[in-house]
Structure formats: structure tokens, C-alpha cells
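Readers should treat all values here as calculations from the given coordinates under stated rules, not as data from a laboratory. Note that the coordinates shown come from a computational prediction; the quantities given were computed from them, not determined experimentally.
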Amino acid sequence: MYPIIVPIFEEVHAIVAAQQGRALSQKLGFHLVDQTAVCTAILEIARNIVKYAGRGEMTMAPVTDNGLEIIARDTGPGIADISRAMENGFSTGNSLGLGLPGAKRLMSSFEIESQPGKGTHIVMRKYPRGY
Ligand SMILES: Nc1ncnc2c1ncn2[C@@H]1O[C@H](COP(=O)(O)OP(=O)(O)O)[C@@H](O)[C@H]1O
Ligand SMILES: [Mg+2]
């Protein structure tokens, strides 16, 4: 299975990325619950790229131990205070502020790096559980 790369610069690309993530997780044999978690996390991170960075890219690929890795990159304005941005309810965009903390909860691992003026880099992974 090859990595899937989705350029993100319009709202509809977030939906495309989320659908691609669902399809890949389905191919990997993820339970519907885990497929939906992956899909929702990708949607939130991709929508942030459109809203706050303008453009970026998401890459999805299988990793060892039946996992799925999602990498999101943009070269937008970055995040000044990552720990605040990871709090439930923090938003600079007058929205719910649940995207980043929600994606972290939905995935098995979540790492975010960001530098003001340089952009944002997120690596998140999902490992299916037994249901
Ligand atoms: N890719 C990004 N580039 C710059 N800032 C971002 C990015 N993603 C998130 N942020 C910042 O983190 C905050 C929290 O994001 P999130 O939890 O998704 O909530 P919301 O999108 O509702 O604001 C955003 O309000 C924004 O300030
Ligand atoms: Mg958001």
C-alpha cells in the first residue's frame, strides 16, 4: 500500500482527506469505530490547515504493527502557544476549540510541532483495538 498525499487548500480537500483516511483504514481492517475516529481527526486537522494556514498537505501511510500514520504539514503562521492550543475550548478563530484536543483523543498518538512564522507539523497514528 502506497502513501496517500492530499494537498489541502480548500474546504472540500478536508473532506477528501477524511474520506481517503477512512478508505485506507478500512483497507487496513480497522473496525468501523476506528475508521470513524481516523476520519474525524483528519477532518479537524485538515480544516485547521485551510482556516489558519491557508494551504498544506496531508500524508497517510500504513506503519508497522497494523498502524496508520497521518502527517500534516503547513508553512502557515504557526501556533504561538501549543499547550494553550491543545486545551479544550481554546480558539483564535471564534470556533469551538475542540479540533486539536479532539484529534489527540481520537488517535493513539499525537505529536505537534509548530513555530510562529514557520508552520505546523503534526504526526498522529492510529492502532486498531480489538472489539
Ligand atoms: N495549522 C494551524 N496553523 C496555525 N494555527 C493553528 C493551526 N491549527 C490550529 N491552530 C490554532 O490552534 C487553535 C485551536 O485549534 P482547534 O482546537 O482546532 O480549534 P478551532 O479550530 O475551533 O479554533 C486555533 O484556534 C488556532 O489558533
Ligand atoms: Mg479546528
Below 23 Å, Cα to Cα, which lysines can LYS118 reach? Residues fewer than 8 away in the same chain don't count.
LYS51, LYS104
May I ask for log10 I(q)/I(0) of the chain at q = 0.10 Å⁻¹, from a Debye sum over the Cα atoms as equal point scatterers with solvent left out?
-0.28
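Suppose only helical runs count, i.e. DSSP H with n ≥ 4. What mean residue ellipticity at 222 nm does that imply for the chain under -39500 (n - 2.57) per run, divided by all residues and rounded to the nearest 500 deg cm²/dmol? Show your work: numbers first, answer last.
Values: 4 runs with 46 residues, N = 131.
So the calculated ellipticity at 222 nm is -11000 deg cm²/dmol.
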Let me know the Kirkwood hydrodynamic radius for segment 1-74, please, with Cα pairs as the basis and the value in Å to one decimal.
12.0 Å
